[in-house]
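A short worksheet on the structure shown next.
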Amino acid sequence: METTASARKKWMSFACLLPLACAIPPILNSLDNPALKGLRGPDLLRLIAIGFAVGVSFSMFMTGFAGRPRSS
């Protein structure tokens, strides 16, 4: 029987891939968008930086919210 820590570790490795799997279809769909084809390099870099910052802050919020020790 698996310990709780190893089962949680396996679940967390799967849970990290789930948002990525949900993000791939919209990204592939937006590659044909003519508005995105006209973006310059700095504009694209700015969009990536904003997405990264929002993603990191959201993940830190969710980790703090869901990672709190439960009171018994």
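Every number in this text was worked out from the coordinates using simple rules, so none of it is lab data. None of these values were measured; they are calculated from a predicted model. Reconstructed Cβ throughout: ideal geometry from the backbone, glycine too, with neighbour counts over all protein chains shown.
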Note, region 30-39: 3J(HN,Hα) by Karplus (6.51, -1.76, 1.60, θ = phi - 60°), whole Hz, Gly/Pro = x, goes 7, 5, 8, 5, x, 5, 7, 5, x, 5
If R0 = 22 Å, then Cys22 and Ala49, at their Cβ-Cβ distance, give a FRET efficiency to the nearest 0.05 of 0.55
Per the 1/(1 + (r/R0)^6) rule, R0 = 25 Å and r from the Cβ atoms of Thr63 and Ser30, FRET efficiency to 0.05 is 0.35
